[in-house]
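Everything below concerns the one structure shown next.
The values are calculated or read from the model by the stated rules, or taken from the named source; none is laboratory data. This is a predicted model, so every value here is computed, not measured. Neighbour counts run over all protein chains shown; Cβ positions are idealised from the backbone, glycine included. Accessible surface areas use protein heavy atoms only, side chains included; no ligands, DNA or RNA. Shrake-Rupley method; radii C 1.70, N 1.55, O 1.52, S 1.80 Å.
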Amino acid sequence: MLEDKNKQRTSLAELGEFGLIDHLTQFFKINHETTVKGIGDDCAVISHDNETLITTDFLVEGVHFDLSYMPLKHLGYKAVMVNISDVYAMNAEAEQITVSIAVSNRFPLEAIEELYAGIQLACDTYKIDLIGGDTTSSTKGMIISITAIGSAKKEEIAYRNGAKPTDLIVLSGDIGGAYLGLQVLEREKEVFKVNPQNQPDLQEYSYIIERQLKPEARKDIPKLLKELEVKPTSMIDVSDGLSSELIHICTQSKVGCNVYEEKLPLDPQVISTCEEFDLDSTTVALSGGEDYELLFTVPIKDFDKIKGNPNLSVIGHITEKNEGLNLITRGNQSIKLKAQGWNSFNQEG
């Protein structure tokens, strides 16, 4: 949609696989003492005194991203955020990543440089070491696979299965923005198809579009909780939608929950865009996904430590399993929570 057709194009075949890796990674720095050996050998070497956490995500063109409106630099940045968010969701510190990409011959070197510029910006901003990966060819466009590695003291790790009845349900930031940003971008894409001369004015949607194209992982939340001396009893990141993530916690913890509609944190731009698209803001908040906020539970005794914190919202509490998983509406009605968030296997290819 916004592609410059006159850019210089250097074929990836001119560099070869190892030349490409050397070219793309030459400016990455090492930030952690735990990184003993990074790129340049058969394996990377890391050394941890603490527990090691490992997570992997795939991003596939046409399923997880659309390059007609996703700039490659933003894609590289977002691909890192998607992965390290899972480490922060364990109340841990992300330290290293590996990056593997498969690309078709429609991508010149300059395009891959843009992708890696975003990856490097993410690494610099979040102090992450790029320690390896792979490159290969693809017949279907672009595929990105990133593995993130983190560490934490054994007693500090937060799993999904530790929530207890009476625990408070807490959410960082606000939700729904990323989903609505996607709706705006998809709408403008359809307008562009009809009239390629039309350049959209997206200024009034700047916040929600940034939430979709350049999300930020919540590295600050585990640090904040340590400062407040609060240990989450369970934790997860909001990638597939708030209701889906809460159901994961409750299922694995064998508990129920009550979430209050009036407590869901929504940005004013989310509310106004919901009105424009004739969407219910509560449905968007519960099912939208890709916000990469952290959802966690804390003992009720810690309420005084977190109340009033601008980064955190208490949105409900954990109940006994037999009470079920419920949304309490503004009219004080109880509605069963459903998982209606993102499912990649429901996408048509």
Just wondering, is there one or more residues in the range 119-135 that are open to solvent by 10 Å² or more (accessible area, probe 1.4 Å), in a loop (DSSP other than H, G, I, E, B) and in contact (Cβ under 8 Å) with a residue 12 or more places away in the chain? yes
Taking the range 192-208 and keeping residues over 23 Å from the mean Cα position of the chain (by Cα), surrounded by 14 or more Cβ atoms within 10 Å (Cβ to Cβ) and closer than 23 Å to V63 by Cα leaves F192
Consider A152 carefully, then state whether it is over 16 Å from the mean Cα position of the chain (by Cα), under 25 Å from G289 (Cα atoms) and either surrounded by 14 or more Cβ atoms within 10 Å (Cβ to Cβ) or modelled with pLDDT of 95 or more (or both). no
Can you pull out every residue in the range 248-273 that is outside any strand (DSSP E or B) and surrounded by fewer than 19 Cβ atoms within 10 Å (Cβ to Cβ)? H248, T251, Q252, K254, E262, K263, P265, L266, D267, P268, I271, S272
Hey, F18 open to solvent by 60 Å² or more (accessible area, probe 1.4 Å), of a type in the set (F, W, Y) and either over 26 Å from the mean Cα position of the chain (by Cα) or modelled with pLDDT of 95 or more (or both) or not: yes
Which numbered condition P222 fails, given (1) in contact with a Ser or Thr (Cβ under 8 Å, 6 or more places away or on another chain); (2) part of a helix (DSSP H, G or I); (3) crowded, with 19+ Cβ neighbours inside 10 Å: (1)
Is it the case that I318 is surrounded by 17 or more Cβ atoms within 10 Å (Cβ to Cβ), at pLDDT 95 or above and over 30 Å from E204 (Cβ atoms)? yes
Name the residue that is nearest to V284 (Cα to Cα), counting only residues in the range 187-214 that are among the charged types (D, E, K, R) and touching a Gly at 6+ places or on another chain (Cβ under 8 Å). R211
Between a residue in the range 42-69 that is assigned to a strand (DSSP E or B) and any residue that is open to solvent by 70 Å² or more (accessible area, probe 1.4 Å), which pairs come within a Cβ distance under 6 Å, given they are 6 or more apart or on different chains? V45/V36; V45/K37; E51/K154
